[in-house]
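Below is one structure, written out as structure tokens; the observations come after it.
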Amino acid sequence: MTGAEKHPNPTVDAHSPWVVDVARELLRRPGQMKTLRRDVPAPEGFGLEMIGVPVGEPIELDLRLESVMEGVLASGTVDTDVTGECSRCLEQFTEHVGVDLTELYAYPSSVTDETADADEVSRIVDERIDLEPAVRDAVLLELPVTPLCREDCPGVVSPDPDAWAFVPAGEAHEKIDPRWAALQEKYGGAGRTEN
């Protein structure tokens, strides 16, 4: 089975800012290199449930595109700002994310194309490479599933001074069944109680 039969009719949008034409400078010329520096606006869905790159936020690509025997190797860095909701205090926050990217785009009918499944390697289609899926994967893998505005975030601020988060260290904060409250008063206890 040839690569074309395994991966029928792949297409890329030639007008997308994520797509790079490699025909003239890199295609089938091992050893040739091209640098690519561009800011690309983030498309929709570039994140997880609680954190992600806002739509339209610039994603800065600083890449080297190198022609190798099996295709074109894209390597370099991706930088952007992400916006999230803290999983402890529920406040919005923004932070910078920088990731390294290394992705091989295989030539049609190359050994890599012939031996790899459709989702195992990126491919050169119509003499172009589409950087978006690789960049998306690299950024998503860098994002935390439970984001925090800062490592020592205390959580939701409560107006109740007896709230759980504000009990001094070493003291218990437990709710005592009112039927047992008299025993607690008579014999005392180590913790603060809540009725």
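Since every read-out is calculated from the coordinates, none of them should be taken as a lab result. Only a predicted model underlies this, so the values are computations on that prediction, with no experimental measurement involved. Using ideal geometry, Cβ is built from the backbone for each residue, glycine included, and neighbour counts are taken over all protein chains shown.
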Give the long-range amide H neighbours of F46: residues separated by 5 or more places, or on another chain, with amide H under 5 Å away, using H modelled in the peptide plane at 1.01 Å from N.
V53
Here FRET efficiency (C-beta to C-beta, R24 to E85, R₀ 45 Å, nearest 0.05) is 0.50
Here the range 41-46 yields Karplus 3J(HN,Hα) values (6.51, -1.76, 1.60; θ = phi - 60°; whole Hz; Gly and Pro given as x) of x, 5, x, 5, x, 9
Which far-off residues, 5 or more places away or on another chain, put their amide H under 5 Å from the one on G71, with H placed in the peptide plane?
Y107
Could you sort the peptides 179-186, 42-49 by per-residue average Cβ neighbour count (10 Å cutoff), highest mean leading?
42-49, 179-186
If Lys and Arg each add +1 and Asp and Glu each add -1, what is the summed charge of the other residues whose beta carbon sits under 14 Å from the beta carbon of R37?
-1
